[in-house]
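Report on the following structure.
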Amino acid sequence: MSWLKDVIGTEKAVIAMCHLRALPGDPDFNAQQGMQWVIDRAYDDLMALQNGGVDAVMFSNEFSLPYLTQVKPETTAAMARIIGQLMSEIRIPFGVNVLWDPVASLDLAMATGAKFIREIFTGAYASDFGVWNTNVGETIRHQHRIGASEVKTLFNIVPEAAVYLGGRDICSIAKSTVFNNKPDALCVSGLTAGAKTDSAILKQVKDTVPNTVVFANTGVCLENVEEQLSIADGCVTATTFKKDGVFANFVDQTRVERFMEKVHCIRQ
């Protein structure tokens, strides 16, 4: 049995993303609608996800496109305000993801009481955001300096919109990441949000690190969730919960309910 049971309440856990709309400082932020509109939309999505029966939720600044690898203070502050205003309504375990800044994610987790974060902690990449480097040693030391040692770390080892600057295969990356960094989980992704995680790659990773929690991180939907959860220990899911399965739309509770009904059957 993994830490998922203690922290989230179940194995084969479904972590649903609560995608926050563009925030102050983001290109698409609408100053006329203001922060209250962003908070109201986050509330609507949170309620639909919770009422639909997901196991946990993770708040991310998904509409802060194009992403920064070192976010500005206003982004973390805005996310803290949103989560703070929603706190009394959150009934399930939650995590945070400040795209793509692991230090900011840890800071936000400590400020809000989040149980886990998902981030790009390791590796160097050629990406849509330029040459992308990381400093996991400093990040993990920061985690301990601020007292966040209990926050679970979900390492995304197949970053979206990026490739490793090197010829290492995914099994070597998974094995050395676990050995060197002791992540609480590894996340395996497709090309972008909503793109299916390759089941063959997912299986290679899980077979390589059988004692580490492995998540299917993108593209899990009603049609493939049985296959994906037959391999992975859980999934991080978002796009399939949106109206018509479209990334830019808001959450459709009926789609959440249908998905979770199938998950409960899989768990039996």
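Among the residues making up the range 126-140, those that are open to solvent by less than 40 Å² (accessible area, probe 1.4 Å), modelled with pLDDT under 95 and small (G, A, S) are S127, G130. When restricted to residues that are over 20 Å from A174 (Cβ atoms), in contact (Cβ under 8 Å) with a residue 40 or more places away in the chain and either assigned to a helix (DSSP H, G or I) or in contact with a helix residue (DSSP H, G or I) (Cβ under 8 Å, 6 or more places away or on another chain) (or both), the range 211-239 contains 5. Summed over the range 45-80, residues that are acidic (D, E), touching a residue at least 60 places away in the same chain (Cβ under 8 Å) and within 15 Å of D26 (Cβ to Cβ) total 1.
The set of residues in the range 232-262 being open to solvent by less than 30 Å² (accessible area, probe 1.4 Å) and of a type in the set (K, R) consists of K242 alone. Taking the range 141-188 as the range and being aliphatic (A, V, I, L, M), farther than 24 Å from A200 by Cα and open to solvent by less than 40 Å² (accessible area, probe 1.4 Å) as the test, the residues that pass are A148, V151.
Does K152 satisfy the criteria of being of a type in the set (D, E, K, R) and within 20 Å of D55 (Cα to Cα)? Spell out how you get there, then give the answer.
Numbers: of a type in the set (D, E, K, R): yes; within 20 Å of D55 (Cα to Cα): yes.
So K152 passes the test.
Based on what the data block shows, is D207 in contact (Cβ under 8 Å) with a residue 60 or more places away in the chain and open to solvent by 10 Å² or more (accessible area, probe 1.4 Å)? No. Restricting attention to the range 164-182, the residues that are of a type in the set (K, R) and part of a helix (DSSP H, G or I) add up to 1.
Looking only at the range 35-47, decide whether some residue is farther than 13 Å from M79 by Cα, open to solvent by less than 30 Å² (accessible area, probe 1.4 Å) and in a loop (DSSP other than H, G, I, E, B). Within the range 35-47, none of the residues are farther than 13 Å from M79 by Cα, open to solvent by less than 30 Å² (accessible area, probe 1.4 Å) and in a loop (DSSP other than H, G, I, E, B).
The values are calculated or read from the model by the stated rules, or taken from the named source; none is laboratory data. What you see is a predicted model, and the numbers here were worked out from it, not measured in a lab. When we count neighbours, we look across all protein chains shown, and the Cβ atoms used for this are built from the backbone with ideal geometry, even at glycine. The area values use the complete protein model at the heavy-atom level, side chains included, leaving out ligands, DNA and RNA. Shrake-Rupley method; radii C 1.70, N 1.55, O 1.52, S 1.80 Å.
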